[in-house]
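Contents: one structure, followed by commentary.
The values are calculated or read from the model by the stated rules, or taken from the named source; none is laboratory data. Bear in mind the structure is a predicted one, so any value in this text is a computation, not a measurement. Cβ placement follows ideal geometry from the backbone for every residue including glycine, while neighbour counts extend to all protein chains displayed.
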Amino acid sequence: MLDYQTALTGAVVFDTTNAGRIWMRDQDRASLLHRLSTNDIERLHVGQGLRTVLTNHNGRIIDVLTVHALPDALLLMTSPPQRATVLSLLKKNIFFNDKVKVADASDELHQLTLYGPHSAAVLAQLGAPDLTGLPLHHIIAATITDVAVQIAATLPLAGAGYVVYIPAAASDHVRAALRDAGVVPLSDAAWAIMRVEAGYPHYPNELSLEYIPLETGLWDAISFNKGCYVGQEIIARMESRNRIAKLLRGLRFAPAAPLPPLPHKLVVEGKDAGDLTSVVQSPRYGQIGLAYVRAAHAAPGTQVGLAASDVSATVVALPFRGTADVS
């Protein structure tokens, strides 16, 4: 896969415009999101960003949001299928005395994400400042190819990741400039492989109402020192008692193991051991997957099976490292 290899050695661009983008404006914007989600939104200063989770009253995941603090607004990025759900949830929780305006920004802004060790250099070549020290999820205003954009550091693939928010009218111009700079488009298939290698959960495979943020390993998206939020009691109890029922883990399969449709139950000695949620064929690591594994079986090196089959897999820590086991 040329795009996969280029991501490891150069720079690729992945079209993430299908993600949802939402504006939150006016003076109570941070306090509204603060009381609805898991992280400490009120501590954000202009230019900073973080991840936070919207959960239901049982502490289960509605969506994971990336939040950027701009001078006059919060810019939220949602999972692609959850834009309307998140927008509706925010609007219905605005009380009569809240000074908050919420609007869909998805048509106004497009977004492209660059990955790979040369991605910062390419953006600098097009006019951006040095991005190498930009903290994760923080955002800066920049001009590339004479277009005013916002650039944020995002979860990296192949060592780096930068999301570029572009005015919709200038989107084609920026895409052409990246192409002229030699940036290779990253296919959906290659991105799926790399996100499993990195151990990143994705909606709806690993992010859904089936799971609780601590099971997913979203510790960076949770504050245990803030006040109440929807689902807080369940999450705080799990953390304080250290009773997490299952954990997101990697699975490594034999190279030619036949795999059933997803999701699929995991078993150990005939008993439920969790759920296989994603599987890919990695050029570097062989046939691998992501799974929620029950805590009793989540230690790296544990063998688990796929229900109603002879296929087994080895539990590994995330992200995947080393080379494929082809024995």
Pick from the range 213-227, criterion touching a strand residue (DSSP E or B) at 6+ places or on another chain (Cβ under 7 Å) and over 15 Å from SER240 (Cα atoms), ranking: surrounded by the fewest Cβ atoms within 10 Å (Cβ to Cβ): ASP220
Extreme residue, nearest to the chain's Cα centre (by Cα), among residues of the range 251-262 that are closer than 18 Å to GLU206 by Cβ and surrounded by fewer than 18 Cβ atoms within 10 Å (Cβ to Cβ): LEU262
Residues located in the range 13-33, provided they are under 20 Å from SER88 (Cα atoms) and not in a loop (DSSP other than H, G, I, E, B): GLY20, ARG21, ILE22, TRP23, MET24, ARG25, ARG29, ALA30, SER31, LEU32, LEU33
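Conditions tested, residue by residue: (1) without any contact (Cβ under 8 Å) to a residue 40 or more places away in the chain; (2) closer than 24 Å to THR154 by Cα; (3) in the same structural domain as TRP191 (by TED's automatic domain parsing).
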{"residue": "LEU214", "(1), (2), (3)": "yes, yes, no"}
{"residue": "PHE224", "(1), (2), (3)": "yes, yes, no"}
{"residue": "MET238", "(1), (2), (3)": "no, no, no"}
{"residue": "ALA257", "(1), (2), (3)": "no, no, no"}
{"residue": "PRO261", "(1), (2), (3)": "yes, no, no"}
{"residue": "VAL293", "(1), (2), (3)": "no, no, no"}
{"residue": "GLY301", "(1), (2), (3)": "yes, no, no"}
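Of everything in the range 268-283 that's in contact with a helix residue (DSSP H, G or I) (Cβ under 9 Å, 6 or more places away or on another chain) and of a type outside the set (Ser, Thr, Tyr), which residue is farthest from TRP191 (Cα to Cα)? Step through it out loud before you land on a result.
If we filter the range 268-283 for residues that are in contact with a helix residue (DSSP H, G or I) (Cβ under 9 Å, 6 or more places away or on another chain), which is where we start, we get 268, 273-274, 278-283.
Retained after the next criterion (residues that are of a type outside the set (Ser, Thr, Tyr)): 268, 273-274, 279-281, 283.
Numbers: VAL268: 31, ALA273: 28, GLY274: 25, VAL279: 13, VAL280: 11, GLN281: 12, PRO283: 13 Å.
Once the filter is applied, the top-ranked residue is VAL268.
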Residues within the range 122-162 that are surrounded by 18 or more Cβ atoms within 10 Å (Cβ to Cβ) and of a type in the set (Gly, Ala, Ser), tallied: 7
One residue from SER240, SER223 being under 21 Å from ASP40 (Cα atoms) and modelled with pLDDT under 95: SER240
Lone qualifier among HIS68, HIS34 - being in contact (Cβ under 8 Å) with a residue 60 or more places away in the chain, within 16 Å of THR154 (Cβ to Cβ) and assigned by TED's automatic domain parsing to the domain that holds SER171: HIS68
Residue that is surrounded by the most Cβ atoms within 10 Å (Cβ to Cβ), among those in the range 1-25 that are under 19 Å from the mean Cα position of the chain (by Cα) and of a type in the set (Val, Ile, Thr): VAL12
Lone unmet requirement of (1) in a helix (DSSP H, G or I); (2) closer than 18 Å to GLY161 by Cα for GLU239: (2)
The listed residue being at pLDDT 95 or above, within 27 Å of PHE224 (Cα to Cα) and surrounded by 13 or more Cβ atoms within 10 Å (Cβ to Cβ), out of LEU306, LEU248, LEU276: LEU248
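Criterion first (in contact (Cβ under 8 Å) with a residue 40 or more places away in the chain and either more than 25 Å from LEU218 (Cβ to Cβ) or part of a strand (DSSP E or B) (or both)) does ASP130 satisfy it?
Details: in contact (Cβ under 8 Å) with a residue 40 or more places away in the chain: no; either more than 25 Å from LEU218 (Cβ to Cβ) or part of a strand (DSSP E or B) (or both): yes.
In short, no.
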Residues within the range 240-255 that are closer than 21 Å to GLU210 by Cα and in contact (Cβ under 8 Å) with a residue 40 or more places away in the chain, tallied: 8
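If you scan the range 163-185, which residues turn out to be of a type in the set (D, E, K, R) and either surrounded by fewer than 17 Cβ atoms within 10 Å (Cβ to Cβ) or at pLDDT below 95 (or both)?
Pass one, the range 163-185, residues of a type in the set (D, E, K, R): 172, 175, 179-180.
If the condition is that a residue be of a type in the set (D, E, K, R) and either surrounded by fewer than 17 Cβ atoms within 10 Å (Cβ to Cβ) or at pLDDT below 95 (or both), then ASP172, ARG179, ASP180 are the ones that fit.
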Pairs, first under 19 Å from ALA121 (Cβ atoms) in the range 149-172, second modelled with pLDDT under 95, C-beta under 9 Å, six or more apart: ALA160/THR132
Checklist (1) closer than 30 Å to ALA236 by Cβ; (2) surrounded by 22 or more Cβ atoms within 10 Å (Cβ to Cβ) applied to ASN97, failing item: (2)
Residue check, SER208 closer than 30 Å to SER309 by Cα, of a type in the set (Ser, Thr, Tyr), surrounded by fewer than 21 Cβ atoms within 10 Å (Cβ to Cβ) and in contact (Cβ under 8 Å) with a residue 12 or more places away in the chain: yes
